[in-house]
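> Here it is, the structure in full.
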Amino acid sequence: MPTTTPATTIPQASAPVAANPLAPLQQQQVAGPGGMAAAMGATAAQVPAVPGVVMPGAAAVAPAQPPKPQPPPPPAGPPANISVATVDTSRVPPDQQPIVASLVNLHASCTPFATNPAKKREMDDNSKKIGQLLWRLNAGEVSEGVVPKLMQLCMAIDAADWHAANHIQVQMTTTDWDECGYWLSAVKRLIKMRMQGM
């Protein structure tokens, strides 16, 4: 019988095992504290920030708000302790300076009639109210419609025409009370004092 030669078995080379790209991440999940969240945070930290894009695990940052404009300060009024003696009239226009001189003289001419405490308090109040009028003239806060009437009133006062002066102030009480009511009451009292002291 012919002799059979046993077949020789050739060992096959094993196929190379592909590297697992997730192995380091899986090791972090197993070995590192925090599991997947820690791995995700580490990965997000390596990615550069893109404006307007919020990465997973990163806190959203609100855009900066522009500063709100501040309201304008309220306009300053006359000082609380203003009077005929203390008011500043340096910026009163030249054509209105006769108003200042007339009212200051009217107040000064009535001062001797304040012979008792009640009249002295009344004169102090008159001084404060006339001072406020002069302050508003100095600040340019007397309307163009009132200035000519004031000039007519003061012309009558300077001429000692008390009846005409009283008539003008009564008309202004009717037509310009909203603007002039505060100081017109003082002018009325001063005119009355001068009429009684004649």
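Any read-out appearing in this document is the output of simple, stated calculations on the displayed coordinates, not a laboratory observation. As the structure is a computational prediction, the values presented were derived from the model and not from experiment. Please note: Cβ atoms are built from the backbone with ideal geometry, for glycine as well, and neighbour counts cover all protein chains shown.
> Pull out the extension gain between K149 and A85, defined as 0.36 nm times the separation in residues minus the alpha carbon to alpha carbon distance; nm, one decimal.
Full-extension gain reported as 20.7 nm.
> Mind putting a number on the dipole of region 147-198 about its Cα centre? Charges go on the C-beta only, +1 for Lys and Arg and -1 for Asp and Glu, and I need it in Debye to the nearest 20.
So the magnitude is around 240 debye.
> Between D95 and D178, how high is the FRET efficiency from 1/(1 + (r/R0)^6) when r is the Cβ-Cβ distance and R₀ = 25 Å? Nearest 0.05. Walk me through the intermediate numbers first.
Details: r = 24 Å, r/R0 = 0.97.
Between D95 and D178 the formula returns 0.55.
> Turning to a different aspect of this structure: Along its three principal axes, how long is region 96-196 when you only count alpha carbons? Whole Å, largest extent first please.
38, 26, 24
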